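None of the figures in this text is laboratory data; all of them are computed from the coordinates on show. Just so it is clear, the structure is predicted and the values come from calculations on it, not from any experiment. Every residue, glycine as well, gets a Cβ built from its backbone with ideal geometry; the counts of neighbours run over all protein chains shown.
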Amino acid sequence: MAIVQWEPARELTSLQSEVNRLFNSFFEPSAARPSGRRWSPALDVVEREDHYVLRADVPGVREEDISVELDGSVLTISGRREAEHDEQRAGYHRVERVTGEFSRALTLPEGVDADAITAAYDRGVLEVRVPKPEQAKPRKVAISVGDIEA
């Protein structure tokens with residue numbers, strides 16, 4: 001019998017592999033979910049001086065299949081990417097690109113002007129510009145001399 005030094009990292013790697021296998025099997029297509037795995041587009045949020053820029057990667061999604069809605073202070077980007085192949089058609093050996101509906105929701109700061117939000121779509125990237133709300137600005141109060149009433 002050989003003596004082998006215990007390596008905790010090896011145990012963690014094994015555990016990570018099992019967890020990955022579990023999650024992969026959960027998201028694989030099944031009879032209960034014929035549309036396949038759910039997907040969520042990658043989203044960047046960038047703060048500029050007077051507005052926020054949200055960029056979502058939605059390749060393969062037509063402009064008319066994308067919706068941008070504001071409900072209260074929650075901005076929701078949703079849509080649907082259709083499959084480009086027929087499940088029964090021969091010639092497909094592996095299909096990895098996820099199709100179906102997606103939805104991303106972000107809470108915006110209070111006071112955002114909903115009418116000033118703009119969205120543009122170009123080459124698979126949706127860009128939403130959200131103006132920052134007007135901040136209460138400090139106001140200088142003039143001090144008068146000698147007019148104090150008792």
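Going by amide H atoms built from the backbone, whose H comes under 5 Å of the H on V125, apart from near neighbours?
Amide H neighbours of V125, under 5 Å, 5+ apart: V58.
Which net charge results for the neighbourhood of P41, defined as the other residues with beta-carbon distances under 10 angstrom from its beta-carbon, given Lys and Arg at +1 and Asp and Glu at -1? Don't jump to the answer; show the numbers that get you there.
Values: positive: R55, R81, R104; negative: D57.
The answer is +2.
Near the amide H of Y52, under 5 Å away, which other amide H atoms are found, from residues 5 or more places off or on another chain, if H is placed in the peptide plane?
Amide H to amide H, under 5 Å and 5 or more residues apart or across chains, Y52 pairs with V130, K132.
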